[in-house]
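Shown next, in C-alpha coordinates, is the structure this report addresses.
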Amino acid sequence: MSGPDLDPANGTPPKAANQMWGGRFSSGPDAIMEAINASISYDQRLAAQDVEGSRAHAAMLASQGIISDSDATAIREGLLTVLSEIEDGKLAFSAALEDIHMNVEARLKDLIGEPAGRLHTARSRNDQVATDFRLWVRDQCDAAIEGLRAVQRALLGQAEAGADWVMPGFTHLQTAQPVTWGHHMLAYVEMLGRDAGRFADARARMNECPLGAAALAGTSFPIDRHATAEALGFDRPCANSLDAVSDRDFALEFLGAASISAMHLSRLAEELVIWSSAQFRFVTMSDRWSTGSSIMPQKKNPDAAELLRAKIGRIVGANVALLTVMKGLPLAYSKDMQEDKEQVFDAADNYLLSLSAMSGMVADMTANRGSLEAAASAGFSTATDLADWLVREAGLPFRDAHHVTGSLVALAEKEGCGLEDLSLVAMKEVDSRIDEGVFGVLGVASSVASRTSYGGTAPDRVREQVALWSERIG
(Lines give C-alpha, C1' and ligand atoms only; values in the text may rest on other atoms or scores of the structure.)
Protein backbone atom coordinates (compact mmCIF):
# COMPACT_ATOMS: atom_id res chain seq x y z
CA MET A 1 0.00 0.00 0.00
CA SER A 2 1.57 3.25 -1.08
CA GLY A 3 2.17 6.05 1.39
CA PRO A 4 0.71 9.56 1.16
CA ASP A 5 1.69 11.88 -1.64
CA LEU A 6 4.62 14.12 -0.76
CA ASP A 7 4.61 17.90 -1.00
CA PRO A 8 6.99 18.58 -3.91
CA ALA A 9 8.26 21.74 -2.22
CA ASN A 10 9.68 20.05 0.86
CA GLY A 11 9.13 16.32 0.56
CA THR A 12 6.67 16.19 3.44
CA PRO A 13 3.14 14.83 3.48
CA PRO A 14 0.52 17.51 2.74
CA LYS A 15 -1.69 18.92 5.47
CA ALA A 16 -4.60 16.68 6.30
CA ALA A 17 -7.88 17.54 4.66
CA ASN A 18 -9.93 19.94 6.76
CA GLN A 19 -12.34 17.82 8.82
CA MET A 20 -15.17 20.32 8.29
CA TRP A 21 -15.00 20.27 4.51
CA GLY A 22 -14.96 16.49 4.07
CA GLY A 23 -13.60 14.75 0.99
CA ARG A 24 -13.81 17.66 -1.44
CA PHE A 25 -10.32 18.88 -0.47
CA SER A 26 -7.20 16.76 -0.44
CA SER A 27 -5.14 19.15 1.67
CA GLY A 28 -5.67 21.79 4.30
CA PRO A 29 -5.56 25.56 3.86
CA ASP A 30 -2.50 27.73 3.75
CA ALA A 31 -1.63 29.24 7.12
CA ILE A 32 -2.58 32.74 5.97
CA MET A 33 -5.85 31.43 4.55
CA GLU A 34 -6.52 29.76 7.85
CA ALA A 35 -5.88 33.01 9.70
CA ILE A 36 -8.13 35.14 7.51
CA ASN A 37 -10.84 32.48 7.46
CA ALA A 38 -11.04 31.83 11.19
CA SER A 39 -13.48 33.76 13.35
CA ILE A 40 -13.12 31.91 16.65
CA SER A 41 -11.10 34.76 18.17
CA TYR A 42 -14.29 36.83 18.39
CA ASP A 43 -17.30 34.63 17.67
CA GLN A 44 -16.54 32.59 20.77
CA ARG A 45 -18.77 35.23 22.39
CA LEU A 46 -21.69 33.38 20.81
CA ALA A 47 -20.99 30.20 22.78
CA ALA A 48 -24.08 30.40 25.01
CA GLN A 49 -26.33 31.17 22.05
CA ASP A 50 -24.74 28.42 19.99
CA VAL A 51 -25.35 25.84 22.70
CA GLU A 52 -28.90 27.08 23.24
CA GLY A 53 -29.70 26.81 19.54
CA SER A 54 -28.11 23.39 19.23
CA ARG A 55 -30.01 22.02 22.21
CA ALA A 56 -33.29 23.21 20.71
CA HIS A 57 -32.34 21.74 17.34
CA ALA A 58 -31.46 18.35 18.86
CA ALA A 59 -34.72 18.23 20.79
CA MET A 60 -36.67 18.98 17.62
CA LEU A 61 -34.79 16.34 15.61
CA ALA A 62 -35.69 13.74 18.23
CA SER A 63 -39.36 14.79 18.43
CA GLN A 64 -39.57 14.46 14.65
CA GLY A 65 -37.98 11.01 14.70
CA ILE A 66 -34.93 12.19 12.74
CA ILE A 67 -32.51 11.16 15.50
CA SER A 68 -33.06 8.85 18.47
CA ASP A 69 -34.11 10.10 21.87
CA SER A 70 -30.94 8.65 23.38
CA ASP A 71 -28.73 10.52 20.91
CA ALA A 72 -30.66 13.74 21.55
CA THR A 73 -30.26 13.34 25.31
CA ALA A 74 -26.53 12.71 24.97
CA ILE A 75 -26.20 15.75 22.71
CA ARG A 76 -28.12 18.08 24.99
CA GLU A 77 -26.30 16.99 28.14
CA GLY A 78 -22.94 17.05 26.37
CA LEU A 79 -23.58 20.58 25.13
CA LEU A 80 -24.10 21.76 28.70
CA THR A 81 -20.74 20.27 29.62
CA VAL A 82 -19.11 22.06 26.70
CA LEU A 83 -20.69 25.36 27.72
CA SER A 84 -19.55 24.88 31.31
CA GLU A 85 -15.99 24.27 30.12
CA ILE A 86 -16.11 27.42 28.00
CA GLU A 87 -17.49 29.55 30.81
CA ASP A 88 -14.82 28.19 33.18
CA GLY A 89 -12.08 28.93 30.66
CA LYS A 90 -11.14 25.26 30.35
CA LEU A 91 -11.75 24.79 26.65
CA ALA A 92 -8.87 25.74 24.36
CA PHE A 93 -10.31 27.03 21.10
CA SER A 94 -8.72 26.00 17.81
CA ALA A 95 -8.34 28.38 14.87
CA ALA A 96 -8.14 25.30 12.62
CA LEU A 97 -11.79 24.66 13.50
CA GLU A 98 -12.57 28.18 12.32
CA ASP A 99 -15.52 29.21 14.46
CA ILE A 100 -17.50 28.66 17.63
CA HIS A 101 -19.86 26.21 15.92
CA MET A 102 -17.17 23.72 14.94
CA ASN A 103 -15.22 24.17 18.16
CA VAL A 104 -18.33 23.29 20.13
CA GLU A 105 -19.16 20.34 17.88
CA ALA A 106 -15.60 19.01 17.99
CA ARG A 107 -15.53 19.13 21.78
CA LEU A 108 -18.97 17.52 21.89
CA LYS A 109 -17.62 14.66 19.79
CA ASP A 110 -14.76 14.21 22.24
CA LEU A 111 -17.29 13.93 25.04
CA ILE A 112 -20.07 11.77 23.57
CA GLY A 113 -18.62 10.27 20.40
CA GLU A 114 -20.72 9.35 17.36
CA PRO A 115 -24.02 11.00 18.38
CA ALA A 116 -22.32 14.40 18.08
CA GLY A 117 -22.11 13.91 14.33
CA ARG A 118 -25.92 13.74 14.10
CA LEU A 119 -26.40 17.20 15.59
CA HIS A 120 -25.77 18.93 12.29
CA THR A 121 -28.55 17.03 10.52
CA ALA A 122 -30.95 19.38 8.68
CA ARG A 123 -29.00 22.54 9.34
CA SER A 124 -26.01 24.50 8.02
CA ARG A 125 -23.58 26.85 9.64
CA ASN A 126 -25.40 29.51 7.62
CA ASP A 127 -28.67 29.21 9.53
CA GLN A 128 -26.81 28.31 12.70
CA VAL A 129 -24.80 31.53 12.83
CA ALA A 130 -27.80 33.60 11.77
CA THR A 131 -29.72 32.14 14.71
CA ASP A 132 -26.87 32.55 17.20
CA PHE A 133 -26.27 36.14 16.14
CA ARG A 134 -29.96 37.05 16.36
CA LEU A 135 -30.16 35.59 19.83
CA TRP A 136 -27.10 37.62 20.88
CA VAL A 137 -28.32 40.89 19.36
CA ARG A 138 -31.76 40.31 20.88
CA ASP A 139 -30.10 40.08 24.29
CA GLN A 140 -28.25 43.33 23.60
CA CYS A 141 -31.53 45.08 22.79
CA ASP A 142 -32.88 43.99 26.17
CA ALA A 143 -29.69 45.17 27.89
CA ALA A 144 -29.85 48.49 26.04
CA ILE A 145 -33.43 49.13 27.14
CA GLU A 146 -32.57 48.39 30.75
CA GLY A 147 -29.48 50.62 30.53
CA LEU A 148 -31.57 53.45 29.10
CA ARG A 149 -34.07 53.08 31.91
CA ALA A 150 -31.24 53.44 34.44
CA VAL A 151 -30.12 56.72 32.86
CA GLN A 152 -33.72 57.93 32.73
CA ARG A 153 -34.18 57.17 36.43
CA ALA A 154 -31.06 59.17 37.25
CA LEU A 155 -32.34 62.08 35.16
CA LEU A 156 -35.76 61.90 36.82
CA GLY A 157 -34.08 62.11 40.21
CA GLN A 158 -32.36 65.31 39.11
CA ALA A 159 -35.58 66.66 37.57
CA GLU A 160 -37.63 66.05 40.68
CA ALA A 161 -35.05 67.69 42.95
CA GLY A 162 -34.79 70.75 40.70
CA ALA A 163 -38.33 71.05 39.37
CA ASP A 164 -38.44 74.76 40.25
CA TRP A 165 -34.74 75.64 39.98
CA VAL A 166 -34.28 78.30 37.33
CA MET A 167 -31.52 78.15 34.73
CA PRO A 168 -30.91 79.71 31.33
CA GLY A 169 -32.28 77.98 28.29
CA PHE A 170 -30.08 78.36 25.25
CA THR A 171 -30.32 78.59 21.50
CA HIS A 172 -27.06 78.89 19.55
CA LEU A 173 -25.48 78.48 23.02
CA GLN A 174 -26.69 82.02 23.70
CA THR A 175 -29.07 82.80 26.54
CA ALA A 176 -32.61 82.56 25.19
CA GLN A 177 -35.29 82.14 27.87
CA PRO A 178 -35.21 80.90 31.44
CA VAL A 179 -36.22 77.29 31.98
CA THR A 180 -36.18 74.99 34.96
CA TRP A 181 -33.43 72.51 35.69
CA GLY A 182 -36.06 69.80 35.88
CA HIS A 183 -37.36 70.69 32.43
CA HIS A 184 -33.87 70.43 30.97
CA MET A 185 -33.34 67.03 32.54
CA LEU A 186 -36.69 65.85 31.18
CA ALA A 187 -35.65 66.73 27.64
CA TYR A 188 -33.09 63.93 27.83
CA VAL A 189 -35.62 61.60 29.43
CA GLU A 190 -37.75 62.08 26.32
CA MET A 191 -34.82 61.43 23.97
CA LEU A 192 -33.84 58.26 25.76
CA GLY A 193 -37.45 57.14 25.79
CA ARG A 194 -37.47 57.28 21.99
CA ASP A 195 -34.20 55.34 22.01
CA ALA A 196 -35.77 52.60 24.11
CA GLY A 197 -38.67 52.51 21.67
CA ARG A 198 -36.31 52.03 18.74
CA PHE A 199 -34.62 49.08 20.45
CA ALA A 200 -38.01 47.58 21.30
CA ASP A 201 -39.17 47.98 17.69
CA ALA A 202 -35.96 46.44 16.38
CA ARG A 203 -36.29 43.55 18.80
CA ALA A 204 -39.83 42.84 17.66
CA ARG A 205 -38.78 42.82 14.00
CA MET A 206 -35.77 40.58 14.55
CA ASN A 207 -37.71 38.03 16.59
CA GLU A 208 -38.00 35.50 13.77
CA CYS A 209 -35.97 32.31 13.78
CA PRO A 210 -33.60 31.40 10.89
CA LEU A 211 -32.93 27.89 12.22
CA GLY A 212 -34.01 25.25 9.71
CA ALA A 213 -33.36 27.42 6.66
CA ALA A 214 -30.19 25.30 6.32
CA ALA A 215 -27.64 26.56 3.78
CA LEU A 216 -30.17 28.61 1.78
CA ALA A 217 -32.98 26.42 0.43
CA GLY A 218 -34.42 24.70 3.48
CA THR A 219 -34.13 20.94 4.00
CA SER A 220 -35.78 17.71 2.86
CA PHE A 221 -35.88 16.40 6.45
CA PRO A 222 -39.31 16.64 8.13
CA ILE A 223 -38.23 19.30 10.64
CA ASP A 224 -40.54 21.45 12.77
CA ARG A 225 -39.29 25.01 12.49
CA HIS A 226 -42.11 26.36 14.60
CA ALA A 227 -40.99 24.15 17.49
CA THR A 228 -37.41 25.41 17.43
CA ALA A 229 -38.60 29.01 17.05
CA GLU A 230 -40.82 28.63 20.11
CA ALA A 231 -38.11 26.90 22.12
CA LEU A 232 -35.73 29.80 21.46
CA GLY A 233 -38.27 32.49 22.30
CA PHE A 234 -38.89 33.65 18.75
CA ASP A 235 -42.34 34.67 17.59
CA ARG A 236 -42.16 32.62 14.41
CA PRO A 237 -39.70 31.09 11.92
CA CYS A 238 -38.32 33.26 9.12
CA ALA A 239 -40.66 32.75 6.16
CA ASN A 240 -38.03 32.65 3.40
CA SER A 241 -34.94 30.49 3.67
CA LEU A 242 -32.86 32.69 1.35
CA ASP A 243 -33.65 35.78 3.39
CA ALA A 244 -33.19 33.93 6.67
CA VAL A 245 -29.49 33.19 6.09
CA SER A 246 -28.59 36.38 4.22
CA ASP A 247 -30.34 38.95 6.41
CA ARG A 248 -28.36 41.16 8.78
CA ASP A 249 -31.00 43.86 9.10
CA PHE A 250 -31.37 42.95 12.75
CA ALA A 251 -27.74 43.85 13.40
CA LEU A 252 -28.02 47.03 11.34
CA GLU A 253 -31.15 48.10 13.20
CA PHE A 254 -29.38 47.54 16.50
CA LEU A 255 -26.44 49.64 15.31
CA GLY A 256 -28.78 52.31 13.96
CA ALA A 257 -30.65 52.55 17.26
CA ALA A 258 -27.36 52.54 19.17
CA SER A 259 -25.96 55.29 16.92
CA ILE A 260 -28.93 57.60 17.51
CA SER A 261 -28.87 56.90 21.22
CA ALA A 262 -25.10 57.42 21.43
CA MET A 263 -25.65 60.79 19.75
CA HIS A 264 -28.09 61.70 22.52
CA LEU A 265 -25.63 60.56 25.18
CA SER A 266 -22.91 62.58 23.47
CA ARG A 267 -25.06 65.73 23.55
CA LEU A 268 -25.65 65.30 27.27
CA ALA A 269 -21.96 64.55 27.81
CA GLU A 270 -21.08 67.75 25.96
CA GLU A 271 -23.34 69.74 28.27
CA LEU A 272 -21.76 68.13 31.33
CA VAL A 273 -18.32 69.13 30.04
CA ILE A 274 -19.45 72.72 29.52
CA TRP A 275 -21.51 72.95 32.70
CA SER A 276 -18.72 71.64 34.92
CA SER A 277 -16.23 74.22 33.64
CA ALA A 278 -15.10 77.13 35.83
CA GLN A 279 -16.80 79.51 33.42
CA PHE A 280 -20.24 77.93 34.00
CA ARG A 281 -20.17 76.08 37.33
CA PHE A 282 -23.66 74.76 36.69
CA VAL A 283 -22.76 71.31 37.98
CA THR A 284 -20.09 69.70 40.09
CA MET A 285 -19.08 66.29 38.88
CA SER A 286 -18.42 63.56 41.40
CA ASP A 287 -14.81 62.57 42.03
CA ARG A 288 -15.86 59.07 40.96
CA TRP A 289 -16.30 60.30 37.37
CA SER A 290 -13.44 62.81 37.18
CA THR A 291 -9.67 62.73 36.88
CA GLY A 292 -6.82 65.06 37.74
CA SER A 293 -3.84 66.43 35.91
CA SER A 294 -0.28 65.19 36.14
CA ILE A 295 1.05 68.77 36.14
CA MET A 296 -1.80 71.10 37.21
CA PRO A 297 -2.88 70.24 40.75
CA GLN A 298 -6.03 72.38 40.61
CA LYS A 299 -7.58 70.48 37.71
CA LYS A 300 -10.65 68.29 37.96
CA ASN A 301 -11.34 66.98 34.49
CA PRO A 302 -14.69 65.52 33.33
CA ASP A 303 -12.88 62.72 31.52
CA ALA A 304 -15.72 60.21 31.78
CA ALA A 305 -18.03 62.62 29.95
CA GLU A 306 -15.37 63.38 27.35
CA LEU A 307 -14.69 59.71 26.69
CA LEU A 308 -18.39 59.00 26.47
CA ARG A 309 -18.72 61.88 24.01
CA ALA A 310 -16.16 60.16 21.79
CA LYS A 311 -17.74 56.71 21.89
CA ILE A 312 -20.26 57.65 19.21
CA GLY A 313 -17.42 57.56 16.67
CA ARG A 314 -16.91 53.84 17.22
CA ILE A 315 -20.63 53.09 17.24
CA VAL A 316 -21.50 55.05 14.10
CA GLY A 317 -18.35 53.66 12.50
CA ALA A 318 -19.57 50.12 13.14
CA ASN A 319 -22.90 50.99 11.56
CA VAL A 320 -21.23 52.35 8.43
CA ALA A 321 -18.83 49.38 8.29
CA LEU A 322 -21.61 46.79 8.34
CA LEU A 323 -23.70 48.72 5.82
CA THR A 324 -20.65 48.73 3.56
CA VAL A 325 -20.13 44.99 4.00
CA MET A 326 -23.74 44.22 3.13
CA LYS A 327 -24.45 46.70 0.35
CA GLY A 328 -23.22 44.63 -2.60
CA LEU A 329 -23.86 41.05 -1.55
CA PRO A 330 -25.98 38.81 -3.79
CA LEU A 331 -28.24 36.27 -2.15
CA ALA A 332 -27.75 34.21 -0.16
CA TYR A 333 -24.73 33.82 2.13
CA SER A 334 -21.26 35.15 1.32
CA LYS A 335 -18.17 34.89 3.47
CA ASP A 336 -18.12 38.69 3.64
CA MET A 337 -20.82 38.31 6.26
CA GLN A 338 -18.30 36.88 8.67
CA GLU A 339 -17.18 40.51 9.04
CA ASP A 340 -20.51 41.39 10.67
CA LYS A 341 -19.74 40.48 14.24
CA GLU A 342 -16.64 42.35 15.37
CA GLN A 343 -18.20 45.72 14.65
CA VAL A 344 -21.44 44.81 16.40
CA PHE A 345 -19.64 43.34 19.40
CA ASP A 346 -17.46 46.44 19.76
CA ALA A 347 -20.37 48.83 19.31
CA ALA A 348 -22.55 46.98 21.82
CA ASP A 349 -19.76 46.89 24.39
CA ASN A 350 -19.06 50.59 24.08
CA TYR A 351 -22.70 51.60 23.96
CA LEU A 352 -23.66 49.63 27.07
CA LEU A 353 -20.55 50.93 28.83
CA SER A 354 -21.60 54.47 27.90
CA LEU A 355 -25.06 53.93 29.37
CA SER A 356 -23.59 52.68 32.64
CA ALA A 357 -21.17 55.60 32.83
CA MET A 358 -23.88 58.15 32.08
CA SER A 359 -26.29 56.79 34.68
CA GLY A 360 -23.50 57.00 37.24
CA MET A 361 -22.43 60.51 36.28
CA VAL A 362 -25.97 61.92 36.31
CA ALA A 363 -26.91 60.25 39.59
CA ASP A 364 -23.75 61.51 41.31
CA MET A 365 -23.51 65.06 39.93
CA THR A 366 -24.59 68.07 41.96
CA ALA A 367 -26.47 70.91 40.29
CA ASN A 368 -25.37 74.29 41.66
CA ARG A 369 -28.65 76.12 42.13
CA GLY A 370 -27.07 79.50 42.82
CA SER A 371 -24.99 79.47 39.66
CA LEU A 372 -27.97 78.31 37.61
CA GLU A 373 -30.21 81.08 38.87
CA ALA A 374 -27.56 83.77 38.49
CA ALA A 375 -26.98 82.72 34.88
CA ALA A 376 -30.72 82.60 34.21
CA SER A 377 -31.03 86.29 35.04
CA ALA A 378 -28.22 87.29 32.70
CA GLY A 379 -28.49 87.92 28.99
CA PHE A 380 -31.96 89.52 29.09
CA SER A 381 -33.57 86.10 29.23
CA THR A 382 -37.02 87.51 30.02
CA ALA A 383 -37.17 89.66 26.88
CA THR A 384 -39.77 87.38 25.32
CA ASP A 385 -41.88 87.63 28.47
CA LEU A 386 -41.76 91.41 28.09
CA ALA A 387 -42.83 91.18 24.44
CA ASP A 388 -45.66 88.82 25.38
CA TRP A 389 -46.80 91.25 28.10
CA LEU A 390 -46.89 94.11 25.60
CA VAL A 391 -49.12 91.99 23.35
CA ARG A 392 -51.36 90.73 26.13
CA GLU A 393 -51.67 93.83 28.34
CA ALA A 394 -50.85 96.81 26.10
CA GLY A 395 -52.50 95.50 22.94
CA LEU A 396 -49.47 95.77 20.64
CA PRO A 397 -49.13 93.53 17.60
CA PHE A 398 -46.34 91.06 18.30
CA ARG A 399 -44.01 92.55 15.67
CA ASP A 400 -44.38 95.99 17.28
CA ALA A 401 -43.90 94.45 20.72
CA HIS A 402 -40.76 92.71 19.45
CA HIS A 403 -39.40 96.09 18.27
CA VAL A 404 -40.20 97.85 21.54
CA THR A 405 -38.61 95.05 23.56
CA GLY A 406 -35.48 95.21 21.40
CA SER A 407 -35.23 98.93 22.12
CA LEU A 408 -35.57 98.28 25.86
CA VAL A 409 -32.86 95.59 25.70
CA ALA A 410 -30.57 98.07 23.94
CA LEU A 411 -31.30 100.63 26.65
CA ALA A 412 -30.59 98.16 29.46
CA GLU A 413 -27.39 97.08 27.74
CA LYS A 414 -26.31 100.71 27.50
CA GLU A 415 -27.11 101.27 31.17
CA GLY A 416 -25.36 98.04 32.16
CA CYS A 417 -28.36 96.62 33.96
CA GLY A 418 -31.05 94.02 33.53
CA LEU A 419 -34.50 94.68 32.12
CA GLU A 420 -35.98 94.40 35.59
CA ASP A 421 -33.64 97.18 36.77
CA LEU A 422 -34.87 99.78 34.27
CA SER A 423 -37.11 102.44 35.77
CA LEU A 424 -40.72 102.76 34.72
CA VAL A 425 -39.97 106.28 33.54
CA ALA A 426 -37.22 105.02 31.24
CA MET A 427 -39.51 102.31 29.87
CA LYS A 428 -42.32 104.78 29.22
CA GLU A 429 -39.95 106.94 27.20
CA VAL A 430 -39.65 103.97 24.83
CA ASP A 431 -43.40 103.22 24.81
CA SER A 432 -45.95 105.12 26.87
CA ARG A 433 -48.30 102.16 27.10
CA ILE A 434 -46.01 100.35 29.54
CA ASP A 435 -47.17 100.46 33.19
CA GLU A 436 -45.94 99.07 36.51
CA GLY A 437 -47.54 95.68 35.76
CA VAL A 438 -44.61 94.89 33.49
CA PHE A 439 -42.35 94.21 36.47
CA GLY A 440 -44.42 91.15 37.30
CA VAL A 441 -43.07 89.32 34.26
CA LEU A 442 -39.44 90.41 34.31
CA GLY A 443 -38.25 88.04 37.04
CA VAL A 444 -36.97 84.65 35.93
CA ALA A 445 -39.06 82.77 38.49
CA SER A 446 -42.21 84.45 37.21
CA SER A 447 -41.15 83.68 33.66
CA VAL A 448 -40.83 79.94 34.17
CA ALA A 449 -43.95 79.78 36.32
CA SER A 450 -45.96 81.31 33.47
CA ARG A 451 -44.96 78.65 30.93
CA THR A 452 -47.82 76.35 31.81
CA SER A 453 -48.66 75.12 28.30
CA TYR A 454 -48.45 71.35 27.83
CA GLY A 455 -44.77 70.43 27.58
CA GLY A 456 -43.76 73.77 29.08
CA THR A 457 -41.11 74.51 31.66
CA ALA A 458 -43.39 75.53 34.55
CA PRO A 459 -42.56 73.62 37.76
CA ASP A 460 -46.06 72.13 37.90
CA ARG A 461 -45.68 70.75 34.36
CA VAL A 462 -42.24 69.37 35.28
CA ARG A 463 -43.60 67.54 38.32
CA GLU A 464 -46.43 66.09 36.24
CA GLN A 465 -43.98 64.72 33.69
CA VAL A 466 -41.69 63.33 36.39
CA ALA A 467 -44.66 61.44 37.84
CA LEU A 468 -45.77 60.15 34.44
CA TRP A 469 -42.29 58.95 33.48
CA SER A 470 -41.65 57.39 36.88
CA GLU A 471 -44.82 55.36 36.53
CA ARG A 472 -44.01 54.45 32.94
CA ILE A 473 -40.54 53.06 33.51
CA GLY A 474 -40.94 51.86 37.10
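Points to keep in mind about this one:
- Its Cα centre serving as origin, region 101-228 has a Cβ charge dipole (Lys and Arg +1, Asp and Glu -1) of approximately 340 debye.
- Accessible surface of the chain [probe 1.4 Å, protein heavy atoms]: carbon and sulfur percent: 52
- Relative to the compact-globule estimate of 2.2 N^0.38 Å, the Cα radius of gyration of region 132-237 comes out at 1.71.
- Heavy-atom accessible surface of region 386-474, averaged per residue, reaches 56 Å², computed with a 1.4 Å probe.
- Area of Lys311 that stays accessible when all protein chains are in place (1.4 Å probe, Å², to 10): 40
- Residues whose placed amide H lies under 5 Å from that of Ala176, excluding near-sequence neighbours: Gly169, Phe170, Thr171
- Average Cα contact separation per residue, the chain, under 8 Å, 6 or more apart, as relative contact order %: 16
- Heavy-atom accessible area order for Glu415, Glu98, largest first, 1.4 Å probe: Glu415, Glu98
- Solvent-accessible area per residue, Å², over region 27-109 with all protein chains present [probe radius 1.4 Å]: 43
- Heavy-atom accessible area for Thr180, with the other protein chains in place and a 1.4 Å probe, reaches approximately 0 Å².
- For the chain, the membrane-span-like helices by this rule, meaning whole DSSP H stretches whose C-alpha atoms cover at least 30 Å of axis and whose Kyte-Doolittle mean is -1.0 or above, are 125-161, 181-206, 249-275, 303-326, 341-364; this says nothing about an actual membrane.
- This model, with +1 at the C-beta of Lys and Arg and -1 at the C-beta of Asp and Glu, gives the chain a dipole about its Cα centre of some 160 debye.
- Of the whole protein surface, Tyr333 contributes about 70 Å² of accessible area at a 1.4 Å probe radius.
- Ranked order, Glu373, Glu160 - accessible area, probe 1.4 Å, largest first: Glu160, Glu373
- Ranked order, Ser276, Ser39 - accessible area, probe 1.4 Å, largest first: Ser276, Ser39
- Å² per residue, accessible surface of region 138-233 at 1.4 Å: 40
- Volume per residue for the chain equals 224 cubic angstrom (convex hull of Cα atoms).
- With the helix formula -39500 (n - 2.57) applied to DSSP H stretches of n ≥ 4, the chain reaches a computed 222 nm mean residue ellipticity of -19500 deg cm²/dmol.
The values are calculated or read from the model by the stated rules, or taken from the named source; none is laboratory data. Since this is a predicted model, take the numbers as computed values, not measurements. Note that each Cβ is placed from the backbone with ideal geometry, even for glycine, and that neighbours are counted across all protein chains shown. Keep in mind that these areas ignore ligands, DNA and RNA; they rest on the heavy atoms of the full protein, side chains included. Shrake-Rupley method; radii C 1.70, N 1.55, O 1.52, S 1.80 Å.
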